[in-house]
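The structure appears below as structure tokens.
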């Protein structure tokens, strides 16, 4: 794993929004009082949803909230690649899968589109609205090539469909996530040849299993009266 460092340029301060702080307190309440630091991962995620990334002032604020050393929060934030340590696009962060299945299905062509419309990877676009990065397998290999954009998966992409998606985001629209070949989940691209009978997956054909009778519990012996 490559070394992950905090951004060179940092904001002067950070403050939890009311909504973020309320959710953070809900997470903290899930743990014993002396184990409140166990909520560090969900609170890092809440901060990232609020700001788009995790800054050094935010790490300090989280450490103070949880009563733990700043270095411990730093260790968590730099270990998990789900946490962005530099500013990302305010409109869209594109995480393009570059692992073998997506690569074989045209991920390199999608890179060309991203470079043309956004710029170099791991950098903000000129207007600060977009950024993109290449990531390892996102687990949607059957629908390759694909990318995660903000919170959703966009699958079965082509250079043309990805270009339209980016244009829609730029226009303030919310492009529909999922397959851009019209597939449902990861069903075959063409005709469906298996599992065509609804009874195979709707539970109506499931056999009722009769469990054997549980052995009767032994009655507790009564102690003789003194």
Computed from the beta carbon distance with a Förster radius of 45 Å, FRET efficiency for residue 136 and residue 213 to the nearest 0.05 stands at 0.30
Largest first and rounded to whole Å, the semi-axes √(5λ) derived from the alpha carbon gyration tensor of segment 73-124 read 24, 16, 7
Per the rule of 0.36 nm per residue minus the C-alpha distance, extending residue 174 to residue 19 adds in nm 53.5 nm
In nanometres, the difference between 0.36 nm per residue of separation and the alpha-carbon distance of residue 41 and residue 108 is 20.8 nm
Compactness check, segment 138-185: C-alpha Rg relative to the 2.2 N^0.38 Å globular estimate gives 1.07
note: the chain, Cα-Cα separations exceeding 31 Å make up a percent value of 44 percent
Stokes-Einstein D for segment 104-185 (4 °C, 1.567 mPa s, Kirkwood Rh from Cα pairs), in µm²/s, comes to 99 µm²/s
Using the Kirkwood radius over Cα pairs of segment 18-79, the Stokes-Einstein translational diffusion coefficient at 20 °C and 1.002 mPa s, in µm²/s and rounded to a whole number, is 187 µm²/s
DSSP beta bridges in the chain: the antiparallel percent, rounded to 5, is 45 percent
In deg cm²/dmol, rounded to the nearest 500, the helical mean residue ellipticity at 222 nm of the chain, built from -39500 (n - 2.57) for every DSSP H run of length 4 or more, is -9500 deg cm²/dmol
Two pseudo-spin positions, 7 Å from Cα along C-beta at residue 34 and at residue 181, lie apart in nanometres by 5.7 nm
Under the 7 Å Cα-to-Cβ spin-label approximation, residue 79 and residue 201 lie apart by a distance in nanometres of 3.8 nm
Checking rank on 26-36, 86-96, 184-194, with mean other Cβ inside 10 Å and highest first, the result is 86-96, 26-36, 184-194
Computed on Cα atoms, the radius of gyration and Dmax of segment 28-145 in angstrom are 17.2, 51
Mean Cβ-within-10 Å packing, highest first, puts peptides 18-25, 111-118 in the order 111-118, 18-25
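Every number in this text was worked out from the coordinates using simple rules, so none of it is lab data. For clarity, every value in this text was computed on a predicted model and none was experimentally measured. Don't worry about glycine lacking a Cβ; one is built from the backbone with ideal geometry, like all the others, and counts go over all protein chains shown.
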